[in-house]
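*Asks:* The following block contains the structure, expressed as structure tokens.
The values are calculated or read from the model by the stated rules, or taken from the named source; none is laboratory data. None of these values were measured; they are calculated from a predicted model. Every residue, glycine among them, receives a Cβ derived from its backbone with ideal geometry; neighbour counts consider all protein chains shown. For accessibility, only protein heavy atoms count, side chains too; no ligands or nucleic acids. Shrake-Rupley method; radii C 1.70, N 1.55, O 1.52, S 1.80 Å.
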Amino acid sequence: MNITRRSFLKVSGKAGGGLVLSLSLPMYGNVRPLNQNEKEVEFNNFISIDTNGEITIMLTKHEMGQGTGTSIPTIIADELDADWNKIKIKKVEYSPKYTWHEMGTTGGSGSISRTWDPIRKAGATTKELLKQAAAIKWDVDPIILKVENSIITNLATDEKMEFGELAEAASKLPIPDNVTLKEPGDYKYIGKPIKNRITKDVISGKAKYGIDMDVPGMVYASIEKCPIYKGKLKSYDVTEAKKVEGVLDIFPIVLSEEIKSLLNPVLGYVNEGIVVVATSTWIAFKARKQLKVEWDGGENGPRSLASLNSDMRAVKNTPGQRTMDLGDVEEGFANSDNEVVEMEYDNPYQAHALMEPLNATADFREDLCEIWVGTQDAEQTISEVAKVLELPPEKVVVHDLNSGGSFGRRYHADTSIEAAFVSRKIGKPVKITWTREDEVRNDHFQPYLKNYLRAAITPEKKVVGIENRAICTVDYATWVEKWEHYYAFPNIRCYRTLVPTLLHEGAWRSVGEHSAALSKECFVDELAHKLQKDPLDYRMELLSHEVDWGDPKTMPDWAIKYLLPRKKLVRQRQLDIISHIKKNSLWPKETGKGKGMGFAIANFGDTVCAEIVEVTMDEEFGFTVDKVTAIVHCGMVINPHFGKGQIEGAIIWALSAVKYGGVEVENGIVQRSNFHNNKVLRMDELPEIDVVFIESDERPSGLGEPGTPPLAPAVLNAIFNASGKRIRKIPVTKDDL
């Protein structure tokens, strides 16, 4: 793979006497043309090398425990042929000079896949410059030079020079128009279980998280928030709260209709509330308990989870929006000889339950606002804060710190908006800290989805029609009912009906794929049983036929160029995984009385993950998940240690939702509050987990979320296999069994 375009090279002095070689490359080679007058335009900066040979790799992505802070430098170091022990990692601040792919959002399992091309090119180009500098010094052809561990060797004389000796000379050379990237077989670091570079700092407390932030002159604040989505502050009495020693100020946050109209209704939503400013966080928490506040619940005040379910069922048979229409569905259902099976699946609201409570620190000074926060989207945070403060975006600076868990929750800018607002109000830097109860009750929840699925089956046991009616709450996105299909059913029709949400919504690990997979993979399992076929064999049968994704003649160019190849890739990966399972005799296996196995397969983006779940029915607890075997096709695995951890984490996350998920709501208020009633799996509840990666040289396609979608349907299918009882919703309680 060759680079066909160059950007520019610059040299600058560095504190400490070293020389910095800073290389910039345009995204994917030719994003925009460059000319002589644009040499000062920067698109990327990833690498600097000082005269001591120290290599600093700029980290543009947010670190929230997923290991990106090690994986991205691994890729660069490999193409650079650098000594890993001389690599330093520097988290860079948000800057518009980075493209969205290079910095932008950290999420969607895209940190590696989106940066794969530019960071490899950055490493390879830097190496080529160093080689050229060495060739000039030795007056030899670069072809006789070998680069390894930051050392360039003249193979003719065995002379050696280290990167640091060549940095200055290399920095003065013109950027090569073409460089050759490594072939997968030549990788030294990629594919190896390299240790996480931040672990030591995390364990020792050196790593900075948002909640660790300390600014001179800082005060502390906590906010009593309206507990009802879209509710308003009606009245309040702060008399007793002001008596708490250490309280500095108390005032309301009431966003005007004008400000609300400016903010993104999803990413910038902020509850109304009462702010307590104090000399410590704990004093602010203490004073909050003395507040007397009355809320106007508004439209959601009288609503509950039960009323929401009634609302959703009431529109079950409304036409809705047609989102997929392939073949002639009506014929199959109209034929009285055909059997029609119909099922309802229920995937409720889900909370995040972050380990590190939400927080943000802000310092507003005249016409500038600095914010310190762990955020998955610094650019979005800047945009939303700038609106509230009525500042140009360049006057808002976001320092992105580590996060103790995100899972989509830290996309939202609400804590930063609150901190910025309060700092401007009181004229001091301030740290806002949410309590655990604040976070659970005012989360941005996974949207609620119900699926009504039916199939028409001929007397010859052929499925001739599938209809899916998705009823979903939505103010986050309109695609949460995502119902991509890779199974070759002849006729499919899908509808979508939206109902007003009861709670504020947002991204949750694996987003729409989690919701859609439950109904798809349970229904296919039910069809297999109905047709008296093995669930795995039936899926193989459905995947083995070409799928009708529509007439290419009617598709836009982008769909032909990107969408269809992607769908074919995902379908092939599903086939590869099932073939692997069959080849290695992972399915079926004898389970014994009271035990069962369930299977499900789903994709998140281009990554496909299948899970085989083994359960034991249990009179005391209902069921126990004994083992989960995950088979994953994600292209190349950058770091199998991190990759395994991502899949394991996603399984634990999803299994927590299966056993303890959902959110109860009465009078518009979330009834859960903390880990005692919003449980996640404890260590003694974890199943044995085995993660298998399909070997591949294809480009990496992400691992953070693909482990979540297949888990719930695989568990439900296993419970059926063990007990004969179909459960079509989560969470699964003992009463369901």
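*Asks:* Given the criterion open to solvent by 10 Å² or more (accessible area, probe 1.4 Å) and outside any loop (DSSP other than H, G, I, E, B), identify the matching residue among 652, 612.
*Replies:* On the way: 612 fails: open to solvent by 10 Å² or more (accessible area, probe 1.4 Å).
Every option except 652 fails the conditions.
*Asks:* Looking at the structure I just gave you, is residue 544 open to solvent by 10 Å² or more (accessible area, probe 1.4 Å) and among the small types (Gly, Ala, Ser)?
*Replies:* yes
*Asks:* Cβ-Cβ below 8 Å, separation at least six or inter-chain, first residue in the stretch 299-327 and over 13 Å from residue 503 (Cα atoms) and aliphatic (A, V, I, L, M), second at pLDDT 95 or above and open to solvent by 40 Å² or more (accessible area, probe 1.4 Å): which pairs?
*Replies:* Sorted first by the residue in the stretch 299-327, then by its partner, the list stays empty.
*Asks:* Could you grab me the full set of residues in the stretch 701-730 that are outside any helix (DSSP H, G or I) and hydrophobic (A, V, I, L, M, F, W, C)?
*Replies:* Applying the first criterion (outside any helix (DSSP H, G or I)) to the stretch 701-730 yields 701-710, 724-730.
Matches in the stretch 701-730: 703, 727, 730.
*Asks:* Restricting to the stretch 170-197, give me the number of residues that are surrounded by fewer than 18 Cβ atoms within 10 Å (Cβ to Cβ) and modelled with pLDDT under 90.
*Replies:* The total comes to 6.
*Asks:* Now a separate question. Given 350, 376, which one is touching a Lys or Arg at 6+ places or on another chain (Cβ under 6 Å) and buried (at least 24 other Cβ atoms within 10 Å of the Cβ)?
*Replies:* Sole residue among the options that is touching a Lys or Arg at 6+ places or on another chain (Cβ under 6 Å) and buried (at least 24 other Cβ atoms within 10 Å of the Cβ): 376.
*Asks:* Please go through (1) of a type in the set (A, V, I, L, M, F, W, C); (2) open to solvent by less than 10 Å² (accessible area, probe 1.4 Å); (3) at pLDDT 95 or above for residue 507 and return the number of the only condition it doesn't satisfy.
*Replies:* (3)
*Asks:* A further question follows. Filter the stretch 574-593 for residues that are at pLDDT below 95 and open to solvent by less than 50 Å² (accessible area, probe 1.4 Å); which is farthest from the chain's Cα centre (by Cα)?
*Replies:* 592
*Asks:* When you scan the stretch 540-555, how many residues do you find that are without any contact (Cβ under 8 Å) to a residue 12 or more places away in the chain and within 17 Å of residue 325 (Cα to Cα)? Explain how you work it out, then say what you get.
*Replies:* Step one: of the stretch 540-555, the residues without any contact (Cβ under 8 Å) to a residue 12 or more places away in the chain are 541, 551, 553-555.
From what's left, within 17 Å of residue 325 (Cα to Cα): 551, 553-555.
Residues meeting the conditions: 4.
*Asks:* Next up: For the stretch 379-398, name all the residues that are of a type in the set (D, E, K, R), modelled with pLDDT under 95 and either surrounded by fewer than 23 Cβ atoms within 10 Å (Cβ to Cβ) or more than 26 Å from the chain's Cα centre (by Cα) (or both).
*Replies:* Those that are of a type in the set (D, E, K, R), modelled with pLDDT under 95 and either surrounded by fewer than 23 Cβ atoms within 10 Å (Cβ to Cβ) or more than 26 Å from the chain's Cα centre (by Cα) (or both): 379, 387, 390, 394.
*Asks:* A further question follows. May I ask you to verify whether residue 515 is open to solvent by less than 10 Å² (accessible area, probe 1.4 Å) and at positive phi?
*Replies:* no
*Asks:* How many of the residues in the stretch 280-339 are in a helix (DSSP H, G or I) and farther than 30 Å from residue 217 by Cβ?
*Replies:* Adding up the residues that qualify gives 19.
*Asks:* Same structure, new question: Counting only residues that are in contact with an Asp or Glu (Cβ under 9 Å, 6 or more places away or on another chain), of a type outside the set (Val, Ile, Thr) and farther than 21 Å from residue 649 by Cβ, which one in the stretch 55-83 is surrounded by the fewest Cβ atoms within 10 Å (Cβ to Cβ)?
*Replies:* Of everything passing the filter in the stretch 55-83, 83 is surrounded by the fewest Cβ atoms within 10 Å (Cβ to Cβ).
*Asks:* Here's another thing I want to ask about it. For the stretch 270-279, which residues satisfy the criterion of being within 14 Å of residue 224 (Cα to Cα) and either assigned to a loop (DSSP other than H, G, I, E, B) or free of Cβ contacts under 8 Å to residues at least 60 places away in the same chain (or both)?
*Replies:* 270, 271, 272, 273, 274, 276, 278
*Asks:* Which residue pairs have Cβ atoms closer than 8 Å, lie 6 or more positions apart in sequence or on different chains, and pair a first residue in the stretch 145-160 that is farther than 15 Å from residue 135 by Cβ with a second residue that is open to solvent by less than 80 Å² (accessible area, probe 1.4 Å) and among the β-branched types (Val, Ile, Thr)?
*Replies:* 150/55
*Asks:* Same structure again: Is it the case that the stretch 413-423 has a residue that's of a type in the set (Ser, Thr, Tyr) and part of a strand (DSSP E or B)?
*Replies:* no
*Asks:* State yes or no: is residue 211 within 30 Å of residue 668 (Cβ to Cβ) and open to solvent by 20 Å² or more (accessible area, probe 1.4 Å)?
*Replies:* So residue 211 fits the description; yes.
*Asks:* Moving on to the next point. Tally time: how many residues in the stretch 340-355 are in a strand (DSSP E or B) and not hydrophobic (A, V, I, L, M, F, W, C)?
*Replies:* Residues in the stretch 340-355 being in a strand (DSSP E or B) and not hydrophobic (A, V, I, L, M, F, W, C): 6 in total.
*Asks:* Pairs only if they're at least six apart or on different chains, beta carbon under 6 angstrom, first in the stretch 200-229 and within 20 Å of residue 354 (Cα to Cα), second of a type in the set (D, E, K, R) and surrounded by 11 or more Cβ atoms within 10 Å (Cβ to Cβ); list them, first residue then second.
*Replies:* From residues that are within 20 Å of residue 354 (Cα to Cα), the pairs are 207/201; 209/356; 211/356; 222/288; 224/288; 227/441.
*Asks:* Can I ask one more? Does residue 424 fit the bill of being open to solvent by 10 Å² or more (accessible area, probe 1.4 Å), within 22 Å of the chain's Cα centre (by Cα) and in contact (Cβ under 8 Å) with a residue 60 or more places away in the chain?
*Replies:* No.
Conditions (1) open to solvent by 10 Å² or more (accessible area, probe 1.4 Å); (2) in a helix (DSSP H, G or I), marked per residue:
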site: 121; (1), (2): yes, yes
site: 124; (1), (2): no, yes
site: 133; (1), (2): no, yes
site: 136; (1), (2): yes, yes
site: 146; (1), (2): yes, no
site: 157; (1), (2): yes, no
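*Asks:* Turning to a different aspect of this structure: Without any contact (Cβ under 8 Å) to a residue 60 or more places away in the chain, open to solvent by 20 Å² or more (accessible area, probe 1.4 Å) and under 30 Å from residue 299 (Cβ atoms): which single residue out of 667, 677 fits that description?
*Replies:* Residue meeting the stated conditions: 677.
*Asks:* Among 737, 686, 711, which is closer than 16 Å to residue 624 by Cβ and at pLDDT below 95?
*Replies:* Among 737, 686, 711, only 737 is closer than 16 Å to residue 624 by Cβ and at pLDDT below 95.
*Asks:* Pairs needed: first member in the stretch 722-737, under 18 Å from residue 526 (Cα atoms) and touching a residue at least 40 places away in the same chain (Cβ under 8 Å); second member anywhere, hydroxyl-bearing (Ser, Thr, Tyr) and surrounded by fewer than 19 Cβ atoms within 10 Å (Cβ to Cβ); C-beta distance under 9 Å; at least 6 residues apart or different chains.
*Replies:* What qualifies is 722/591; 722/616; 737/723.
*Asks:* Within the stretch 615-649, track down each residue that is open to solvent by less than 10 Å² (accessible area, probe 1.4 Å) and either of a type in the set (Phe, Trp, Tyr) or modelled with pLDDT under 95 (or both).
*Replies:* Correct list: 622, 623.
*Asks:* Could you please give the count of residues in the stretch 84-119 that are aromatic (Phe, Trp, Tyr) and either open to solvent by 50 Å² or more (accessible area, probe 1.4 Å) or under 19 Å from residue 408 (Cα atoms) (or both)? Give the derivation first.
*Replies:* Kept after step one, since they are aromatic (Phe, Trp, Tyr), are these residues of the stretch 84-119: 84, 94, 98, 100, 116.
Right, trim to either open to solvent by 50 Å² or more (accessible area, probe 1.4 Å) or under 19 Å from residue 408 (Cα atoms) (or both) and you get 94, 100.
Count: 2.
*Asks:* Look at the stretch 434-447 and say how many of its residues are in contact with a Phe, Trp or Tyr (Cβ under 9 Å, 6 or more places away or on another chain) and open to solvent by 10 Å² or more (accessible area, probe 1.4 Å).
*Replies:* Adding up the residues that qualify gives 3.
*Asks:* For the list (1) hydroxyl-bearing (Ser, Thr, Tyr); (2) open to solvent by less than 20 Å² (accessible area, probe 1.4 Å); (3) within 29 Å of residue 112 (Cβ to Cβ), I need the number of the one condition that residue 696 fails.
*Replies:* (2)
*Asks:* So residue 255 passes all but one of these: (1) modelled with pLDDT of 95 or more; (2) within 34 Å of the chain's Cα centre (by Cα). Which condition number does it fail?
*Replies:* Evaluating residue 255 over (1) modelled with pLDDT of 95 or more; (2) within 34 Å of the chain's Cα centre (by Cα) leaves (1) as the failure.
*Asks:* To continue, here is another question. Going through the stretch 177-227 one residue at a time, which ones are outside any loop (DSSP other than H, G, I, E, B), of a type in the set (A, V, I, L, M) and within 25 Å of residue 72 (Cβ to Cβ)? Give the derivation first.
*Replies:* So in the stretch 177-227, the residues outside any loop (DSSP other than H, G, I, E, B) come out as 180, 184-186, 199-204, 209-212, 219-225.
Add one more test, that the residue is of a type in the set (A, V, I, L, M), and what stays is 202-203, 211, 219, 221, 223.
Those that are outside any loop (DSSP other than H, G, I, E, B), of a type in the set (A, V, I, L, M) and within 25 Å of residue 72 (Cβ to Cβ): 202, 203, 211.
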